[in-house]
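The block underneath contains the structure these notes are about, expressed in structure tokens.
Read-outs: derived from the displayed coordinates by stated rules, not from any lab. All values derive from a computational prediction rather than experimental measurement. Cβ atoms come from the backbone with ideal geometry, glycine included; neighbour counts cover every protein chain shown.
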Amino acid sequence: MTTKILTTFLIAALFLAASCNSNHKNEKQSAENAATTNLADSLIQSTGDIELDSLLRVAAVAKKDSNLVFTYLDIGDAYIKNDSKTAAKYYFKAKELSKEINYKRGYILFAYHYAKILNEEGKSDSSLLLNKEALAMSIKSGNPVDIGRSYVHLGRYFWFNNMYDSAIVYLNNAKKYSAYNPANATNIKWLTFLVYNDLKRYDEARQIGEEVLSSRREANDLENVGITAFNLGITYRELGNKDRSLQLLEEALEISDKTHYNSLRMSTLITLTNAYELDDPKVKVYAEEALALAKKINSPVNEANAWSVLSTYHLLNKDFQKSLACADSSLVICNQKNFLTEKAKALNDKAYVFLALGKMKEAYTALNESDDVENKRVGDETQERIVLAEKKYETEKKNLEIENQKHIIKSQNLQRGLLVGSVAVLIVFLFLLWYMLRLRNRHNRTLSESNDILAEMNATKDKFFTIISHDLKNPAVAQRDALQILIDNFQTWDVNTITDYFEELLKSSEGHVEFILHLLEWAKVQTERMTYNPEQFYLSARLRPDIALIRNNAAAKGVELIDNIPDDVLVTADSNMISTVVRNLLTNAVKFTPKGGTVTLTCRCVARNTPTAQYTISVTDTGIGMNEEQIKNLFKLDNRHSRLGTADEQGSGLGLIVCKELLEKHGSELHIESTEGKGSRFEFTISAFAT
């Protein structure tokens, strides 16, 4: 009984100690959290913006990693509307940290953000270079989200600088990547809508604008719904649909009130004054509220516009003194800020007031001054268009120069590659010729006792070597002559002609290389350097890499490759040799099958109830097929004839000979069935342990 009490006491003591320890840890953690919060608070100065202050606290104590890069960018975005200088400071912090931790994507994101500041500061050339650098880095990284975003930013740049054709090109490129970032799809449509509005293509703008409005409503993005409704309302006004325009503008006004978005409310109010008759009392209400907001957020141009609307309202309601006072208030701002359009309007308002008061001299003076201001405005706009056209011309000229330089570099690299390749082919040719002669002499000495057989073999191989020499020499000589023609005409031919010429040379070289590879495989078999090493393996797993490679080539040609080999087929054979045979048969089938055709690889069991199962492997195509004479000559060394593929691929004529000899080492034969114009089937049988 005493032992039980003691045990109970000890357990209680342990629980008490654990509880105390836990409380101590919790108190310590709370103290640490409080210390971190106090440290963060001591490192920042409050801005009055709760969200911004929260970001600043996080940045003050955060670890230097990619998350901090995003925090710096978010802080910059929070400052951008009111303090672009401070925003730029945090963007550069993101850039420096990205460099320090080798976070390449961070620099791309920095480029997007800072390029916008440069553009708004009028440094458009620097903005364009930075955006293009971001695009190049995105393409190099292969990240489709960043590539799409880069195209969007370049589209925004060209729209902002009134280069609408270029803007549409980049936005159309961005659409190709919108599937990787669905949120970006709405931004692309939004920018396209703005471009079409500026181009006065209002029908197209209306359709896209409605799609954007619907998307933003579904996302419950209230602020952007208001902005979209405002701009779409202007589109409908230009299309003459007053009812829909008023509906959208009233919606934008309601949203601006809910979101306290003063600049949107101010712009909407001024736009609404043009939607009613100018003597309507609503016009006065809208204009006075717009005037108060313009003063509050320091928007001189909208303040001048509001005064002008009020001047017209009072004029139409025959309160001439108020009208004159409002026009004078507008003129004060216009003279300070050099707003020519608004100044001409205010002078016209004064002229109408003077006419109503019968002060003809003052009215005449105001009208003359208005004409002078309007002429100056037109002249300035014309000069701006000239500067813009020159700027657009220089930009397009630079882009063209860059593209031409890329083509020249590509052509030079291709030329060097072809020259090196031709030299390599000639070296291989000389080596093979020497090797074949040496091989023939060795066989002559070894088989001297079988004179009749040897004579026949030599005659056959002599003819074969003659064919090989012809096939090795002629393409090499043709490539050499073609390169000479290219060198002679390189300065006079245009880039496209040179590129086409290089592509034809490359196609010829690829056929030449295929011939040499098949020749080397055949030579290995003849010299018994390709030894027969049977082993047990799963056929499907061994062939899968080769099938994947050939399927890519087939897809590029428009041919479907179907693999019907079961995963559980276990065979006993030399895996390298069988892989070579199937690879050659599939390559051959794809080569002689036109676009839209099918190549099928199958394996079926033909002797299941025997100690060793038998499997027949077949390659069937829907290609151009062969006649009986062509089938007869397939395996004759002294009558080897290669045909061009359906896409003019070069053939060697040796691939099937190599397949035949490799299968003979397995005690198997290659059977061929073919109908000219309908396709072919090549099949062979190998053994496997029964499963």
Debye equation applied to the C-alpha atoms of the range 535-689, log10 I(q)/I(0) at 0.16, 0.18 Å⁻¹: -0.88, -1.10
Tally Lys and Arg at +1 and Asp and Glu at -1 over the other residues with C-beta under 10 Å from the C-beta of Tyr196: what net charge comes out? 0
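Tyr90: net charge of surrounding residues, Cβ under 13 Å, Lys/Arg +1, Asp/Glu -1, itself excluded?
On the way: positive: Lys85, Lys89, Lys93, Lys95; negative: Asp74, Asp77, Asp83, Glu96.
After counting each charged neighbour, the total is 0.
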With 21 Å as the limit, write out which pairs from Lys116/Lys376; Lys140/Lys591; Lys591/Lys678 have Cα-Cα distances beyond it, or answer none. Lys116/Lys376; Lys140/Lys591
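Which pairs in the list Lys318/Lys350; Lys123/Lys343; Lys63/Lys99; Lys295/Lys350; Lys557/Lys660 are over 18 Å apart, alpha-carbon to alpha-carbon? Write down the numbers at each step before the final one.
Details: Lys318/Lys350 13 Å; Lys123/Lys343 28 Å; Lys63/Lys99 15 Å; Lys295/Lys350 23 Å; Lys557/Lys660 27 Å.
The answer is Lys123/Lys343; Lys295/Lys350; Lys557/Lys660.
Where in the range 227-330 are there GluC sites (Glu not before Pro) that are in a DSSP coil and have at most 15 other Cβ atoms within 10 angstrom of their Cβ? Intermediate values should be presented prior to the final figure.
On the way: sites: Glu238, Glu250, Glu251, Glu254, Glu277, Glu288, Glu289, Glu303; in loops: Glu277.
Answer by residue number: Glu277.
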If neighbour count is taken as other Cβ atoms inside 10 Å, put Cys603, Cys659 in order from fewest to most. Cys603, Cys659
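For a quick protection proxy, order the peptides 311-322, 182-193, 105-116 by their average other-Cβ count within 10 Å, most packed first.
Details: 311-322: 17.7, 182-193: 19.8, 105-116: 21.8.
Highest to lowest by the protection proxy: 105-116, 182-193, 311-322.
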